[in-house]
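Visitor: My questions will all concern the structure given below.
No lab work stands behind these numbers, since they all come straight from the coordinates. Quick caveat: nothing in here was measured; it's all calculated off a predicted structure. Cβ coordinates were reconstructed from backbone atoms using ideal geometry, including for glycine residues, and neighbour counts include every protein chain displayed.
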């Protein structure tokens with residue numbers, strides 16, 4: 001008997017991480033400027049650091065030290081290094097020997113409420129990234145619209161959505 005919720009959760013993870021990989025390839029195809037991608041890395045790295053600091057301050061015993069934003073930052077960094085500096089991924093991956101908790105969940109040393117190790121989740125990112133080169137001829141090119149403006153701010157939406165959910169739940173249970 002298979003557990004539907006487990007497969008649904010993995011599908012949602014694949015879509016969320018895969019969209020990030022696919023959009024990186026889409027952005028790279030439109031803009032090859034190294035400064036654009038440096039800014040992208042800076043924003044993702046800052047967001048990952050902010051998540052770790054805030055969760056350490058408020059949920060010390062199980063703070064987030066390699067969550068989904070950390071994974072997306074690391075995947076972006078690996079692609080960035082391989083694209084702009086021709087550093088091959090096989091040369092970078094041994095560095096993770098020194099940080100085993102990012103490789104797989106069985107190496108966890110601390111409890112965390114959000115953990116996305118590089119393996120297998122890096123493949124959720126890199127497969128859509130690499131598939132873009134095969135799919136780009138089939139994609140219709142459209143001018144930016146209101147949805148693309150919302151997507152530009154998706155990192156901020158992701159960062160602040162837990163705050164809004166907590167406020168809503170606090171008000172809901174206070175009124176009941």
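Visitor: By what distance, in whole Å, do the Cα atoms of segment 14-86 stretch along each of the three principal axes, largest value first?
Guide: 42, 25, 18
Visitor: To the nearest 0.05, how large is the calculated FRET efficiency for residue 54 and residue 15 if R₀ is 25 Å and r is the Cβ-Cβ distance?
Guide: Rounded to the nearest 0.05, the efficiency is 0.45.
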